[in-house]
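A short write-up of the structure that comes next.
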Amino acid sequence: MRYPAAESVTPGSATAGSLTPGSVTLVPTPIGNLEDITLRALRVLREADVIACEDTRTSGILLRRYEIAKPLVSLHLHNEKARSEHLLALLAEGKNVAVISDAGTPGISDPGYLLFRSALEAGHRVDVLPGPSALLPAVILSGFPPHPFLFYGFPPEKPGQRQKLFTSLQRQPYPMVFYASPHKASRQIDEMIALWGDRRAALVREISKIYQEALRGTLSEIAGRLAQGLKGEMVLVVEGAAPTQDENSWKERAQELLNEGGSLKTAAQEIAELYGVPKNAVKEFLLKTER
């Protein structure tokens with residue numbers, strides 16, 4: 001794969017800050033408050049020949065707010081490949097294409113990357129503007145160390161693939177960031193607890209909107225809040241695995257808790273919190289020792 005040579009533009013020159021014919025630009029849009037858009041983003045949208053958007057109805061609200069009237073072309077999950085071919089043809093004609101999603105930065109968990117990569121490979125000018133994204137506010141609002149962290153996006157839909165992913169992340173030492181859907185988050189959190197233990201986490205929802213909030217606690221506490229019917233766009237930040245402990249240490253402590261009269265459930269809960277060992281693993285060990 002060959003990419004066009006890197007280009008530099010001197011600030012203040014005739015071409016600085018303006019679209020080049022036959023270019024594609026990914027433009028971040030507000031994730032909540034419509035004022036969260038840059039002056040540069042508005043200018044690029046006004047200069048574009050075509051705006052590719054995830055949902056023309058949703059984007060129409062933003063564009064009408066800023067009195068931007070441009071031809072709109074839908075570019076979403078189900079038509080991205082075919083529509084990218086159409087947009088590449090427009091680029092070849094010298095058209096300027098701006099790409100936006102319903103909210104945030106295109107190309108991360110929203111459509112846009114396929115077109116961007118194809119345009120880059122074809123030798124067209126490409127650019128990505130800085131701007132709104134739910135990722136960084138959620139990482140900082142979580143209260144966990146902001147770097148390094150692992151961003152995954154939405155977990156896989158299929159249970160087997162999700163189980164494989166969560167298992168591979170079991171000993172990941174850094175905070176992990178996932179986008180979450182309200183009706184799927186509870187089940188996914190239960191799967192995390194089974195594999196990772198009841199770790200600390202933060203659920204940040206409705207970023208930049210009226211009901212923005214950050215729920216901090218253990219995964220089970222957050223699951224309890226979700227059960228009360230929370231809605232909105234969500235980002236889940238989960239604490240990374242604790243430093244590897246000597247396996248004999250937690251096993252000895254678990255046995256001590258049982259000998260002191262504690263229940264299997266209580267012992268599993270305490271070991272999970274102290275050592276980051278999944279409760280199911282602790283219960284399995286204790287049941288074997290009792291036999």
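Residue check: residue 43 meets all listed conditions (1) surrounded by fewer than 17 Cβ atoms within 10 Å (Cβ to Cβ); (2) modelled with pLDDT under 95 but one, namely (2). Residues that are in contact with a strand residue (DSSP E or B) (Cβ under 9 Å, 6 or more places away or on another chain), not hydrophobic (A, V, I, L, M, F, W, C) and not in a helix (DSSP H, G or I) within region 223-240 comprise 231, 232, 233, 239, 240, listed in sequence order.
Would you call residue 230 farther than 30 Å from residue 183 by Cβ and not acidic (Asp, Glu)? Spelling it out, it is not the case that residue 230 is farther than 30 Å from residue 183 by Cβ and not acidic (Asp, Glu). Where helices (runs of 4 or more DSSP H) sit wholly within region 62-147, those with at least 2 residues that are of a type in the set (A, V, I, L, M), within 18 Å of residue 31 (Cα to Cα) and at pLDDT 95 or above occupy 135-142.
Output yes when any residue across region 251-261 is within 17 Å of residue 143 (Cα to Cα) and not polar (S, T, N, Q), and no when none is. Checked against the condition, which is being within 17 Å of residue 143 (Cα to Cα) and not polar (S, T, N, Q), region 251-261 yields no hits at all. Annotation: residue 261 fulfils all but one of (1) of a type in the set (Gly, Ala, Ser); (2) assigned by TED's automatic domain parsing to the domain that holds residue 280; (3) part of a loop (DSSP other than H, G, I, E, B); (4) surrounded by 15 or more Cβ atoms within 10 Å (Cβ to Cβ); the unmet one is (4). Among residues of region 148-176 that are under 16 Å from residue 196 (Cα atoms), those with a Cβ under 9 angstrom from a residue that is of a type in the set (S, T, N, Q) and modelled with pLDDT of 95 or more, sequence gap 6+ or separate chain, pair up as 155/161; 155/188; 162/188; 166/188; 175/142. Considering region 179-228, the residues that are aromatic (Phe, Trp, Tyr) and touching a residue at least 40 places away in the same chain (Cβ under 8 Å) include one that is farthest from residue 31 (Cα to Cα), namely 196.
The values are calculated or read from the model by the stated rules, or taken from the named source; none is laboratory data. As the structure is a prediction and not an experimental result, all values here were calculated from the model. Don't worry about glycine lacking a Cβ; one is built from the backbone with ideal geometry, like all the others, and counts go over all protein chains shown.
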